[in-house]
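Inspection log for the structure reproduced underneath, given as structure tokens.
The values are calculated or read from the model by the stated rules, or taken from the named source; none is laboratory data. Treat the numbers as computed from the prediction; the structure is a model and nothing was measured. Here the Cβ positions follow ideal geometry from the backbone for every residue, glycine too, while neighbour counts run over all protein chains shown. We work out accessible area using only protein heavy atoms, side chains counted, and drop any ligands, DNA or RNA first. Shrake-Rupley method; radii C 1.70, N 1.55, O 1.52, S 1.80 Å.
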Amino acid sequence: MAGVLYPMRRSRRAFIQSPMLCWLALSAACYHGNRGGAGGRNASPNSGGFLSGQAPDLGRVYQSMGLITSTGQIPFVGSVSFLGGPTADTTLMLLAVSLPSSSLSFQRVNEQYAANYTVRVELRQGTTVVQQWDAKESVRVPTFKETARTDESVIWQQYLRVAPGEYSLTVGLKDESVIRNSAQEVTIVVPRVAAGELSSPIPVYEAISRSRLDSLPRMLARPRSSVSFATDSILPIYLEASGVSSPTLVNASLSAEGNTVVWRDSLTIVPSGGSVTSRMLSIPVKKMGIGIVTLSVARAGTNDTSRTRLFVTLGDDLPIASFEEMIRYLKYFASTERLKILRDATPANRPQAWADFLRVTDPVPATSENEGLRDYFNRIRTANVRFHDDAIIGWQSDRGTAFVGLGEPDRIYDAPIIDPAARSRQQVWEYTGEIRVQLVFVDNGGMGRFRLSSSGVNELEA
């Protein structure tokens, strides 16, 4: 299936050659469980990130979820999912790979911008190459702005029919315009999906089911298995079973940290007259909390269970991997008492505590969006860019902290230094509205790294 770029607006194209397109604002992943996804090395889901004092590293988060992750010259994230194959000794494997459009080199072609890349997929057992795919793809966008996107904007996916067993899977990408490439090798275990058993639960953007095992479902997968708490209301999950002769009850549950169940639901797979039947499971994002959660689906009364890990984020540029980390982000947004309620909530009560927090801090309750929280995180994003010279993490610098906590100053000016030979500079921020405060930032080395004066620290805290 060809690669495709998500446009900044919603559009639709021919489904098989260029999958359905839709909006995206977040990230998710597959868990190496029963018919779950397979991926690379394990890592702590909380390693890296803004609050560790290092630059954010979403790659570690994706690896901890069992995804195929490459952070090389062309960073990409991939997932594998498993469905019933046309014969008893064949499994249908879906390989989906996503990369940001900003990692490709675009050239202007008439009124559009185009980039060309190659995908190579190799499946081996020992030294024997079982299957190999080479695909040359082209991405075209109408505006230059779309070439700089950093989200899951380009998706490439391919179905492979594979015999159950253990394999080495290598995925490589090459930019055709420049000498730039990336590759990642992982070990995967392809399960046997027998008649009546459940497929992998596959996070998707859109999907059209199949009715025969010798055909392919038409879907656009979410290789990062992620959603945005800020913009998404539901996460669609594609699930199917073959050889179902009577209605089959499937129980679904969502587990947060400590295996605490935060959401349950059930659905019934009803025979449709074909050899395979599918259903869409819709998970309400507001029930998922923030960070990594695990979805489990199981046929009632059996041990047939499939799992996948999902990632709920506040945005690609805010890679918050845990509930605790999110609370630390909110230190300048809400009072200590309100944050304590979130901090003290048990894992099972965190989604409800978060929903209550959004309700009581919403400045415009009549709308579906918390405008205050939206503006707050927009200030964090702005501070990370504007004050990146002040600290590794812009919003945690002195000027970044003031900007996030108090907003844009009413006036900024450079104050004169008494000693003309000194290399120091002073920058003064004045707030003259409801908050009346003057903050003085000093750049002692003349390198643009401003620090808040000692008197200003007390002013800001107040």
How many of the residues making up the range 324-342 are closer than 16 Å to Phe377 by Cβ and either open to solvent by 70 Å² or more (accessible area, probe 1.4 Å) or in contact with an Asp or Glu (Cβ under 7 Å, 6 or more places away or on another chain) (or both)?
3
Please find, within the range 243-264, the residue that is farthest from Pro201 (Cα to Cα) out of those that are of a type in the set (Val, Ile, Thr) and within 30 Å of the chain's Cα centre (by Cα).
Thr260
Single residue of Asp398, Asp414, Asp390 found to be surrounded by fewer than 17 Cβ atoms within 10 Å (Cβ to Cβ), in contact (Cβ under 8 Å) with a residue 12 or more places away in the chain and acidic (Asp, Glu)
Asp414
Taking the range 358-373 as the search range and keeping residues that are among the hydrophobic types (A, V, I, L, M, F, W, C) and over 19 Å from Val404 (Cα atoms), which one is most open to solvent (accessible area, probe 1.4 Å)?
Ala366
Quickly run through the range 332-382 and pick out the residues that are hydroxyl-bearing (Ser, Thr, Tyr) and within 26 Å of Trp263 (Cβ to Cβ).
Thr346, Thr361, Thr367, Ser368
Please enumerate the residues belonging to the range 165-190 that are at pLDDT below 95 and within 14 Å of Leu94 (Cβ to Cβ).
none
Residue count for the range 114-166, restricted to those that are touching a residue at least 60 places away in the same chain (Cβ under 8 Å) and of a type in the set (Phe, Trp, Tyr)
3
Being of a type in the set (Asp, Glu) and assigned to a strand (DSSP E or B) is the filter here; which residues of the range 154-190 pass it?
Glu166, Asp175, Glu185
I'm told Val293 meets every condition in (1) of a type in the set (A, V, I, L, M, F, W, C); (2) touching a residue at least 40 places away in the same chain (Cβ under 8 Å); (3) not in a helix (DSSP H, G or I) except one. Can you identify the failing condition by its number?
(2)
How many residues does the range 118-134 hold that are in contact with a Phe, Trp or Tyr (Cβ under 7 Å, 6 or more places away or on another chain) and open to solvent by less than 30 Å² (accessible area, probe 1.4 Å)?
3
Residues located in the range 127-148, provided they are under 22 Å from Gly172 (Cβ atoms) and among the charged types (D, E, K, R):
Asp134, Lys136, Glu137
May I ask you to list the residues in the range 276-304 that are at pLDDT below 90 and more than 21 Å from the chain's Cα centre (by Cα)?
Gly301, Thr302, Asn303, Asp304
Could you figure out which of (1) part of a strand (DSSP E or B); (2) surrounded by 14 or more Cβ atoms within 10 Å (Cβ to Cβ) isn't true of Asp151?
(1)
Residues of the range 296-307 that turn out to be part of a strand (DSSP E or B) and open to solvent by 10 Å² or more (accessible area, probe 1.4 Å), as a count
5
Residue hits (the range 433-448; over 14 Å from Asp414 (Cα atoms) and surrounded by 14 or more Cβ atoms within 10 Å (Cβ to Cβ)) are Val437
